[in-house]
Structures are given as C-alpha cells and as structure tokens.
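Working notes, structure below.
Only the coordinates and a few stated rules stand behind these numbers; no lab work does. Remember, predicted model here, so these are calculated numbers, not experimental data. Neighbour counts run over all protein chains shown; Cβ positions are idealised from the backbone, glycine included.
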Amino acid sequence: MTAPILAVSCYYHDSAAAIVSNGAIIAAAQEERFTRKKHDASLPVHSIDYCLKEAGVEPGDLEAVVYYENPMATLERILKAQVHEGGDAFAGFHDAALPFFSKRIHIEAHLRDVLGRLGKNDTLFLTEHHMAHAASAFFPSPFRDAAILTIDGVGEWATTTLAYGKDTELTMLREIHFPHSIGLLYSAFTYYCGFRVNSGEYKLMGLAPYGKPRFYETIRDNLIDIKPDGSFRLNLDYVGWHNSTRIISPKFDQLFGAPPREPESPFQSHYLDMAASIQQVTEEVVSLLAAHAKRLTGSKNLALAGGVALNCVSNGKLLKAGLFDNVWVQPAAGDAGGALGAALLADHVHCKTPRQVGNGRDAMKNCYLGPSFSRQKVEASLQSHRLDYEVYADRDELFSLVARELADGKVIGFFYGKMEFGPRALGARSIVADARNDRMQSILNLKVKKRESFRPFAPVVLLEDAPGYFDLAGASPYMLFVADVLNARKDLDVAELIQQNDSNLYAIANLSRSGIPAVTHVNNTARIQTADEQSPFFHKLLRAFKEATRHGILVNTSFNVRGEPIVCTPSDAILCFLNTGIDILVIEDCIAYKDMQITSIM
Amino acid sequence: MTEKELLKNFYRDGLVAQVSESYRNTMRDANASSTESYFVERSQQADIFSFTTAGEAPAPFAEFVNGLDAHLDTASKRALADRIFRLAMELKSDPSQELSISQYMYTL
C-alpha cells in the first residue's frame, strides 16, 4: 500500500492536478474550471486543493508530488534551438525563455509555497512530457498490454513517441524531435485559417469537411516528408516556431497563394480547402505511425494521448481501419491529462502498484473526477440568485418531465454529480436538446452557445441503440470517435452548395441531412458519445427520452458559452442559464424554467 | 551572487556552448529524403526522477537559475536573456572567439 500521489501540469496551457492512490484515480480537475479563465496555465492551486480534500490527505503525507515534464530539459531545448537558428531568433528565445526564468524552472519552489511540504520525502519528482502522456494513455486503459502513440506540439524534445505498455511497465521505443512536429504543423494551419493556436484546432477539424483537400499534394511536396514508418521531417523554411515569434513564415503564405484569414472574417473556399488538406495529411501520418507501432509491439491494442489524439476524425478512421482490435484514447489527451499520467506513472512504475485490468472497463470512472455539490448547496445557490425552482423527490418523474420538454424543443442545462475531467462535457455539465429537430443546430449555435455557425454538435446515444444510427463498432463513452451517420442524405454536394451559397456555411450547416439533423455534420458524420449505466444520470435521461419519443439519442454540448470554460459550480451554471437561450435548468433534482423567472433578475 | 557573476557562471559552465550536433542533425538536412526513418530510437523504461537531479542539466545551471531567481527582477532577467543569447550567437558563429569572449566575460 502506498500513500496517495499528487501530480501537476501547468505553466504552458490547461493546467491541472490529479491524485491517485493504489492504482485508482481519486480526483482530477483543470484549473480553468475554478478560475473561469479558459485554458488557464497558472499554478493549479484550486485543483490541488480540491484533489487533496477529495483524497483526505495532507501534503506531507503524500507518497510523492510529481510535475509532468522536465523544465530544465525544455529550457535547454529552447536555448539550443534559438542559438542554432540565430538571426531573428532572439525574439523567439526572449518570448520562450522569460516564462521559464520566471516560472517553470521554479516549479519546485512554487509548489512548496502552496503545499508546505512536497510529500513524505519533501522532494519534487519530474517525468518527461511524453512519458506522462504515454502513461495517461496506457495505465487507465482497459488493456493488459498496448502499443502507445503520443502526438502533440512539443514536450522537452519529443513531439511524437511510440511506446509499449505491459502491466506496470512502460517502455519508450521511438521519438520524433522538435522542431519536427505534426501537432505544431496542425496549429500552423489553425492560425492560417484564422483560429487561435492551442484552442482553435478543434474548429479547424470541424471546418475540414466543408473543403476539398486540393492542397494535399502541395503540403506533401513542400512542407513534410513522410516515411513509410510514419516518421516525418518538416521543411522549416515554411514555419516559424523554431526561429521567430510567428508560427508560419512569409514563405508559407506565398506557397499557398493567400495571406492568413482574418479572425471572424467570412470563410472563403481557400481556407476550407486548407483545413481539409492538413486534416488529410494528419490522418495519413497518424495511420502510418499506428501501423509502425503495431509492427514494433505486436500488440492488438492501441492507446493514444497527446493533443493530436483529440482529433476524433482521425481516431474514427483509425478505429474503422481495423489495424488494432481495440483503440482507446485518453479523454484528457492534452496537457491536463499529463498530470494524470505523471501520477499514474509514479504509482505503477515507481511504486510498483499493480494495475487492475480485465473487466473490459477503463479506470477513468467515465471522467467524472471533478467536484460535485450537494442538493443543499445547489438550493442555496438557486436561492441566492433568487430563482424560482421546484425540487423533485422522484428522479424518474423529473426525468420523464425533462424528456417531454426536450421533445417539445426545449434546450436544457443539465448538471449532475461530479464534473468531468478533460475537454468534453459528458453528462455532468452538459446542455442537451432534441437531435431530431432540424432547427436545433442554429438555435444552439446562435442563441445558446454564441459560437460559429459552421460547427457541428455531437450526439449522446444509448450504447445499445448506437448501431441503429451510426456506423460505429463498440462503445465511445468519451466522444472521441467520429463515424458515419446511417441513412443520411448522400445527394448533397458540399462543394456545390458552398459555391451556390457564396461560402455561407451557416446556410449549408443547417440543411437537414438525416433523421438526426442537429448532430449530422456536412459530410454525414457525427462525433459520438455512447452512454450506458456507467453514466447513470445521462443513461436515465436517454431512457426517459426514448420512452417518450422512441429515440434514445440527444444533442450533447458542453455547458458553457463561447470563450468560457465549462461550468463547475451551481452558480456558474445558473449564470450561464440566465445569460443564454437555455430554456430550462435541471440541477441535482431541482428544475428552473427561464420563463418563470422574474424579469428583474435577468 | 551578482548579475555579472551569474552571467559568468552561465557562460563558463557552458550551456550556451552546447549547441549539440544532435540538434543540428534534426534540423535541415539536404539528404533527408534518402534516410529510411526520421525516428530517434529509445529503449528506456519510463519513470520519475528527482527535481534536484533533473535530467542532464548541468548542476551549475541550477545554481544559475537559483541565483537568477534570488537576485534579479523581471527587467534584469530580460536583459540577461538578451546577453546570454547574443554571447551564444557570437560563440556559435565563430568558435575561435571563445577565448576572447571568455576573457571579456571575466573582465565584466
């Protein structure tokens, strides 16, 4: 038996803390949910406090405290890279080095300030960035052994790794080093298409189906050399992350014949095609890397992590290709998950704690690892915001009512139990609506989420009903796989529609394509979440909706508005409810209707 | 420790001089397409390690960092970053300058 282990990721983006004990994940949370600053990179003092309280442990009693990377090695990389490049590189060095001088290399002192004592040994332990990602991919997976693939922007030196996990061992096998990074290349296209780096990559993926990959050959011929084993090298003449403060160089614009798109400006087909092209290249690289991981390890299982593993289109194609019998993706695949990986690495590899696998389930507890709130606290919050609400003692009765309201076209904020860890809302902090409603996508985008009209919404579907709607084999509890929608309209040509509608993506996105139009993207795919009893509240809601409509499927989108983190507390949820077009708030067996609230509080 | 001493230590103990061949090899390579793979091979058990023995960073570097934290404000850190970079650039462009730069450093 070992004492709990606390690990932290911070000072880059998406800071987080996680705590594990004897192979079990006790708690994990991202700092942004507490501070309300999206992608907050600061020292995660609130997350640390939450994790310690949840585990009931004092800092001095921890087995170990672990940071998710080696900041010394990262600074060495930054310095060497910029010194090598010279010329205009100083600005890049300046930008990159100063946060190190001020923060990352002082992580031990900063954590000691917060915790007082760094565990039993009063020592900060480190790991490597991609080791933490690999650990987050393998140790919570349902596999006894697995090939592991991690891909992101960059850690210390590695940008991509292949590893092998078996029981409590994790062996790093191959790496690709900075500046050659498929994650950074994807971010370069994200920037070029007018989105923010480190947060807009998901939007680029959603944009890709509107375009044609007509720049695929240009990218392959000029930007990236890909070997049959999936390893790659970039032509650094076209990028800028290694020698400047810009992510792309002027030659990039020249190569593609247009400047970067201005953020928030209308979409021209050029940028749609750029998105489609880099998406195709990325899928190709991931597929080849996975095939090589299979050759190296011989495993029938694949585990994925790193920011690129959030590319659920690529994940879906990997799954469908059947190269591996099983594919599992860490739901918190980005840097937040690095904290979890570092904690599990310390527990299983360093402390030799055995893993518990064999029941076919992963160890993520469906990502419900964050704070929860009692009914008393919820009611106190509702009252402090002067909301009229009702409490239902019979949850079945409440969920039947909610199902009828959903079928009637209402948009519902749904808040139950422990908050999710990772970027997706999975039923604890979700906004739900009727996926069959052909107006719902625009209602949600414009009245509720206040975000770009082209972005698709995701479905949550009863696990047993998923084959009736989607070409998906197996479960997808974390919304990390995209698959085809069955019986969708095949007669709508996206390119033709874009031409006809003068690149008005809003008009195209809202064309009814299937029996579940609100969750069917323009290429007739969907990013699927399957729900079973492991998601008790969502499962019960879907069952109630199926009883009311014969369809066990809903829209599930995160409980937030554009630019804000997903809600954490009842108060966050109430404010979001009051300030958006959400019709009904359902929160720990309490229900509040927007149209029953006094106008003065709105 | 003064800023000058910090800078001397940083230079003397050579982090800026370690513009390694391994890094050069990962950069532009005219013959790149002739190689079979761009992977760097590893065969290492993943693990955690103590912050005080962090990786391969030289011990004086940690000393530099500690001194930096204790003695310099943000503006001084910025100035120091500037000097480190420019010295490293001089060294890189003309390795024969090492002695003169070294002499210069110790006369600061």
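What to note about this one:
- DSSP beta bridges in segment A:375-601 [antiparallel fraction, %, rounded to 5]: 75
- Compared with the alpha-carbon gap, the fully stretched path from A:Leu323 to A:Ala363 is longer by 12.0 nm at 0.36 nm per residue.
- Debye-formula intensities of segment A:141-329, expressed as log10 I(q)/I(0) at q = 0.13, 0.16 Å⁻¹, are -0.65, -0.95 (one equal scatterer per alpha-carbon, no solvent).
- Spin-label pair A:Arg386-A:Asp49: with each label point 7 Å from Cα along the Cα-Cβ axis, the two points sit 2.9 nm from one another.
- Using the Cα coordinates of segment A:429-548, the gyration tensor eigenvalues translate into equivalent-ellipsoid semi-axes of 26, 16, 12 Å, sorted from longest to shortest.
- DSSP assigns beta bridges within segment A:461-567; of those with both partners inside it, close to 75 percent run antiparallel.
- Think of it as helices only: each DSSP H run of n ≥ 4 in chain A is worth -39500 (n - 2.57), and spread over all residues that comes to -10500 deg cm²/dmol at 222 nm.
- Each residue, A:Lys490 and A:Lys212, gets one label point 7 Å from its Cα in the Cβ direction; the gap between the two is 2.0 nm.
- Projected over all directions and averaged, the alpha-carbon convex hull of segment A:494-602 occupies 9.7 nm².
- The antiparallel fraction among DSSP beta bridges confined to chain A stands at about 70%.
- Normalised by the number of residues in segment A:141-329, the mean separation of alpha-carbon contacts (under 8 Å, six or more apart) gives a relative contact order of 28 percent.
- Each Cα pair under 8 Å and six or more residues apart adds its separation to the average, and for segment A:375-601 the resulting relative contact order is 35 percent.
- The length gained on full extension between A:Ala473 and A:Lys300, counted as 0.36 nm times the residue separation minus their Cα-Cα distance, comes to 60.7 nm.
- Trypsin sites (Lys or Arg not before Pro) restricted to DSSP loop in segment A:266-358 with at most 12 other C-beta within 10 Å: A:Lys352
- Candidate cross-link partners of A:Lys447 among the lysines, defined by an alpha-carbon separation under 18 Å and a same-chain spacing of 8 or more, comprise A:Lys410, A:Lys594.
- Residue exposure proxy: A:Met1, A:Met274, ordered by other Cβ atoms within 10 angstrom of their Cβ from fewest to most, comes out as A:Met1, A:Met274.
- Take every Cα pair under 8 Å whose residues are at least 6 apart in sequence, average their separation, divide by the length of chain A, and the relative contact order is 16 percent.
- Mean projection area, nm², convex hull over Cα of segment A:375-601: 12.4
- Placing +1 on the Cβ of every Lys and Arg and -1 on the Cβ of every Asp and Glu, with nothing else charged, gives chain A a dipole about its Cα centre of roughly 400 debye.
- Measuring spread by the Cα atoms of segment A:338-401 yields a radius of gyration and Dmax of 19.8, 53 Å.
- Cα→Cβ-extended label distance, 7 Å offset, between A:Asn121 and A:Gln376, nm: 4.2
- All alpha carbon pair distances within chain A were sorted into 20 Å bins beginning at 0; the resulting P(r) in whole percents reads 21, 55, 24, 0.
- Axial C-alpha extent at least 24 Å, average Kyte-Doolittle at least 0.0 - helices from chain A (DSSP): A:269-297
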